[in-house]
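Report on one structure; see the data block that follows.
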Amino acid sequence: MNRLKAILSKVLEIDENKITDETSPNNVPTWDSFNALLLVSELEKAFNVKFTMEEVTAVKCVRDIKEALRRHNVKLEE
Amino acid sequence: MQKIKSLISVARPVKAADYLALFRKIDSEMRQDRISGGKKVKIALLSSSTISGLREILFTKCCESGILPEIRAGSYGQYAQDILSPNSWLYQFNPDIVILWTDTLSLLGDSYFNPYEMTGVQRRKFAEEKADGLKSLVKALRERSGATIILHNLEVPMHSPMGILEEKQDFGFHESIRHINSRLSETFREDARVFVFNYDEFCSNIGKQQVVDHKMYYLGDIRIDIQLMPALCDKYIAYVKPLLSLSKKCLVLDLDNTLWGGILGEDGFEGIHLGPTPEGRPFLEFQKSILALFRRGVILAINSKNNAEEVLRVMREHPSMVLKERNFAAMKINWNDKITNMHALAKELNIGLDSLVFFDDDPANRQIVKAALPEVLVVDVPSDPALYMQTLNRISDFDTLAITTDDLKKGQMYAEQRQRQELQEKTEDISKYLEQLETKVSIEQANAFTMPRISQLTQKTNQFNMTTKRYLEEDIRMLSESQKSWVISAKVEDKFGDNGITGALIIRKDSVVWEIDTFLISCRVLGRGVEETLLAHLIEQAQKAGVQKLVGKFIPTNKNAPAKEFFKKNGFMLLKNENGAEYWEYPLAKQYPFPSFIKVEVKGAK
């Protein structure tokens, strides 16, 4: 979770400590369409995975990102 | 700019998100007016598809190079309107640089997917039309704006419905794109303000399969992987730096484990690795690449802890030593520390520390130089010598926007200068030295061959330059064609070689008054009677023309102190001080002799 939080914080300009599973475009104004794609790009690079288009469009909040990463066998140390 | 530097050194950006995060930090500092300094430049980005993020990344990349840019991006797909409408934001913004990126898909439309709906003849016509369209767009932009234009060429696609038969087609799909690219290159080859950026080559270098992330393309119409944007911006910056006179001039090299493998002092003449062996070839080919830079005008120098005699023996006798004494403009081979030597090199070559690039295999030395002399560009040399050549070839800091014939000889000229210096040190009396140099000055009316160099001299000469007025090639052409002005250049040769065109004079005149608009001498020939020779020629011409007044102006800058006393020392009288400028007049009744030790040749007087 720490690496994920670091990336979220860098891309979305938010405090790592305020990131929860519920964090989403609805409560983070900087989570716009460009930053959403940048987030995908950074996650793919950092965790060495490739998401499908469907996986990307299905993400509604941080919990969904974690699930997608787990599906790609990424272990997120809590 | 100090503030920005510290932000960058803390952040150490690598990925796209790092650059974007850093951009926001710098931007917020700027909004609070906490940033000053840095070279200013205005850049406009025009594109046929979405380039979100590129503006911010380019901004941060500029900051890394000490540039504080103002960058604006047009709406995507609006580039033609932006260029063709005279009232568009583009012309109000008045950029110094315009980057125009039209991508293959946008330009071709449906025929990108189905190119063989057309016959070969139709495809040729189609390609010509597309090339003409781009050409006339760039020409319109060129006419309406003074900006330097960087034009992307087209990425040649990888796909073809013809598969292995693609190259068998009459004016095939791929050939038609390559054709457009050649057309663009040909059209602007001689144009000093339009540069075709080989985007196709950039994509090939990356690997075309990696350039587009198709998921991102469908989701956000993004046609280049965001992670590649920093590398793309590096390519852009290679054009920005020379425009702002941030190009480097001199490559300073270490010796042991840099130009050859091993340590000369320990392994001996026979023991060093240099030559056609697996251990020796990386060094041999690295030296060949350095020689190629020398041939395009890069000055070479050595900064090494070594025994000078042993090194000279390698240069003179080693069968695989490519670089010889005559290639080096200065050699500091001694037991002094690298910093002292670096200062001495800059002084001897009469160039700033900010013109130096340092290549040394030893990370400790690099760290020392980096810390003590932040102006010097220290190359991050990989630990494996097999990667030296590739590292050297990636340096874009020696790039210039034009290469004059004088530039090509610059490395050699500086090496000859070292021989002059040695003569001067041997000769006690300066006038004897000047005599022994056997200097010849050729004074010539500006012409098509000399105009590019004269313009370049006005751009680059800072020290002996009375007014520091900068002129483009077109300005020089207008001045030299006008009846009201007169442009001449001075070419300087001596027994060690040709210094090329190193002096220029621009006179604004009417029948009564001649005013010296520009009087400059390149510092590499300064103090050798060239400036007096040019002045003598000018005074002689003014007297012949029956002019009543010869007036000179001195506008002081931070750098032109060497020119300050010139008028005073040469019989001019101070007329007045006005707005920081000094006005001087030469009493034309008085003769002014040519220096006796210089041979003068005058071609085509006006």
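FYI, it's all coordinate maths here, none of it is from the lab. Remember, it's a predicted structure, so these values are computed and weren't measured experimentally. Cβ sites come from the backbone with ideal geometry, for glycine too, and all protein chains shown count toward neighbours.
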When the charge dipole of chain B is computed with +1 at the Cβ of Lys and Arg and -1 at the Cβ of Asp and Glu, the Cα pointing farthest to the positive end, of B:L345, B:Q543, B:N94, is that of B:Q543
Percent antiparallel among DSSP beta bridges confined to chain B, rounded to 5, stands at 45
For segment B:417-536, what is the number of Lys pairs with C-alpha distance below 20 angstrom, counting only pairs 8 or more positions apart or on separate chains? 10
In debye to the nearest 20, the charge dipole size for chain B, taken about the Cα centre with +1 at each Lys and Arg Cβ and -1 at each Asp and Glu Cβ, equals 1700
With a ≥ b ≥ c the root eigenvalues of the C-alpha gyration tensor of segment B:427-603, is it rounded (a/c under 1.5), prolate (a/b larger than b/c) or oblate? rounded
Check each of the trypsin sites (Lys or Arg not before Pro) in segment B:170-272 and keep only those in coil by DSSP with at most 11 other C-beta atoms within 10 angstrom; list them in order. B:R189
Angle check, please: helix B:451-460 long axis (alpha carbons) against the longest principal axis of chain B (alpha carbons), in degrees 0 to 90, nearest 10. 80
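Across segment B:42-141, how many lysine pairs, 8 or more apart or on two chains, come within less than 27 Å at their alpha-carbon atoms?
6
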Once the Cβ-Cβ distance between B:N94 and B:I430 is put in as r, and R0 is 35 Å, what FRET efficiency do you end up with, to the nearest 0.05? 0.10
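Classify segment B:268-345 as rounded, prolate or oblate, taking a ≥ b ≥ c as the square roots of the eigenvalues of its Cα gyration tensor: rounded when a/c is under 1.5, otherwise prolate if a/b is larger than b/c and oblate if not.
oblate
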Partner lysines for A:K66 [C-alpha distance under 22 Å; skip if fewer than 8 residues away on the same chain]: A:K5, A:K10, A:K18, A:K45, A:K50, A:K75, B:K15, B:K215
Once the dipole of segment B:250-394 is set up from charges on Cβ (+1 Lys and Arg, -1 Asp and Glu), the residue from the list B:A292, B:L323, B:G268 lying farthest towards its positive end is B:A292
Rough spin-label spacing in nm, given labels placed 7 Å along Cα→Cβ, for B:N114 and B:D191: 3.4
Among B:Y218, B:F113, B:T148, flag the residue with its Cα farthest along the positive direction of the charge dipole of the protein assembly as shown, charges on Cβ as +1 for Lys/Arg and -1 for Asp/Glu. B:T148
Averaged over the residues of B:215-225, the number of partner chain Cβ atoms within 10 Å of each residue's own Cβ comes to 4
Where does each of B:40-48, B:399-407 land if you order them by average Cβ count within 10 Å, highest first? B:40-48, B:399-407
Mind checking the full-extension length gain between B:E166 and B:S36? Use 0.36 nm per residue of separation minus the Cα-Cα distance, one decimal, nm. 41.3 nm
Mind checking segment B:284-389 for trypsin sites (Lys or Arg not before Pro) that DSSP puts in a loop (not H, G, I, E or B) and that have at most 16 other Cβ atoms within 10 Å? B:R296, B:K324
Residues meeting the amide H criterion for B:F197 (H placed from the backbone, H to H distance under 5 Å, 5 or more places apart or on another chain) are B:L151, B:H152, B:N153
